[in-house]
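One structure is given below, encoded as C-alpha cells.
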C-alpha cells in the first residue's frame with residue numbers, strides 16, 4: 001500500500017512510478033526477471049505484471065498453536081505446508097515432508113521450473129538432498145534450490 005501511495009504522490013511529477021502487485025516473493029522474482037531497461041515504461045510494466053500469472057507459490061512454516069483450519073488439524077510446533085491462496089496442504093512433524101507435500105500439490109502438467117528458497121533453519125547440505133529427491137521425483141522440472149536465510153519460513157516455493 002505504501003508503494004501505491006508513493007505512486008499517487010508522484011502522479012503530477014515528471015517521474016513515472018508503478019507498482020507490480022505481487023503477493024509473494026516467488027511472484028516478485030519472476031516479475032523482476034521480465035524487467036527490460038530498453039522497453040517503454042508501459043510495456044515493461046505490462047510484461048512484469050503479466051508474469052505474475054505464470055507462477056504458483058507456497059510456503060512451509062511452523063504452527064504456533066493447535067487449531068483446525070479448513071478441515072486440516074494443525075498441531076503446535078508441526079510444519080504447515082500452505083498454498084499462497086491460503087489453502088493448507090498439510091501439517092506434519094517434518095519440515096521436509098511438508099515441503100514435498102507442498103510441491104506435489106503445486107506441480108501441474110505445464111510446470112517447468114521449481115524454485116525453492118531455503119530458510120535460516122535449513123542447512124546447505126540439506127538443500128543438496130532436497131534437490132536430489134526432487135530431481136528423482138520430477139525429472140522434467142528444472143530445479144533452483146537456494147539459501148535465502150529468511151526466518152519463520154523454512155521454505156518459500158515457486159513453480160512456473
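Things worth noting here:
- Matching residues in the range 135-160 - criterion: being within 19 Å of residue 111 (Cα to Cα), in contact (Cβ under 8 Å) with a residue 60 or more places away in the chain and assigned to a loop (DSSP other than H, G, I, E, B): 160
- Any strands (runs of 3 or more DSSP E) falling wholly within the range 28-134 and containing at least 1 residues that are buried (at least 19 other Cβ atoms within 10 Å of the Cβ) and modelled with pLDDT of 95 or more: 56-62, 79-83, 88-92, 113-119
- Qualifying residue in the range 2-21 (condition: touching a helix residue (DSSP H, G or I) at 6+ places or on another chain (Cβ under 6 Å), surrounded by 10 or more Cβ atoms within 10 Å (Cβ to Cβ) and within 30 Å of residue 97 (Cβ to Cβ)): no
- Annotation: residue 24 fulfils all but one of (1) under 15 Å from residue 87 (Cα atoms); (2) assigned by TED's automatic domain parsing to the domain that holds residue 95; the unmet one is (2).
The values are calculated or read from the model by the stated rules, or taken from the named source; none is laboratory data. A quick note: this is a predicted structure, and the numbers were derived from the prediction, not measured. Cβ: placed from backbone, ideal geometry, glycine included. Neighbour counts: every protein chain shown.
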